[in-house]
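Just so it is clear, none of the values below were taken in a lab; they were calculated from the coordinates. Being a predicted model, the structure only gives us computed values, none of them experimental. Every residue, glycine among them, receives a Cβ derived from its backbone with ideal geometry; neighbour counts consider all protein chains shown.
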Amino acid sequence: PGETECNISSGINAEYGGLHRVWKDVFVSRADPQPNFKCLDVAGGTGDIAFRLARHMSNISRDHETVTICDINPEMLRVGKERAAETADSFTWMEGNAESLNLPDDTFDLYTIAYGIRNCTHIDRALSEAHRVLKPGGRFMCLEFGEVSNPAIAAMYERYSFDVIPVMGHLVAGDMESYQYLVESIRKFPKQQEFAQMIVDAGFGVVDYENLTFGVTAIHSGYKIE
């Protein structure tokens, strides 16, 4: 499972070109973490989001809270720690399952998860855990693939996803199976409105989402209102 997760992460980076970097930049910009925020990034072992969060806070004040990074895959955490050595910030690393976080209630101001929640067996449990560990007033933010609403673009994207990405995975990485899983997991994930309702059902308020690149990916947001 660890190798597959690493391959999937590489697949997102490779098959969506530089777009994934733009999406992550926009995601963190929308999150707008302040220096006093306690931030938890889940399924973020490689540090892509956490490093951006820390950099965003550093741009406001060099004296800021440490970002906590949680991932179920120790190999991803190893990669992240190696990359973190090249940054000026320090991070807290923990191995853990998004569906059962070994963290106290009401702890974080911001919970982020990027391209990880669709791999959870029970998405509702992951959302409930996010709600539990956030402080009252804390914000849940998720970056995840979505449904393209424009029919013409949707048709092209569908062909690219099912005909091109797995073949590219086979040619470039010699791993067609992991890339096929990537495509199928995206297709099975709830559409934007359905996922937004799941966030509401988990107890969040002021829930909304913003489509990026015609809905290929979307930023979901909700607040713990208590």
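Region 38-94 gives an Rg/Rh value of 0.95, both radii derived from C-alpha positions and Rh following Kirkwood.
With a 10 Å radius around each residue's Cβ, average the other Cβ atoms per peptide and rank 53-64, 139-150, highest first. It would help to have the intermediate numbers written out before the result.
Values: 53-64: 16.4, 139-150: 20.6.
For the peptides 53-64, 139-150, the packing ranking is 139-150, 53-64.
Qualifying GluC sites (Glu not before Pro) in region 84-139, where qualification requires a DSSP coil assignment and no more than 15 other C-beta atoms within 10 Å, comprise Glu86.
Here, region 58-144 has an Rg and a Dmax of 13.6, 38 Å when only alpha carbons are counted. Think of each Lys and Arg Cβ as +1 and each Asp and Glu Cβ as -1; about the Cα centre, that makes the dipole of region 26-140 roughly 240 debye.
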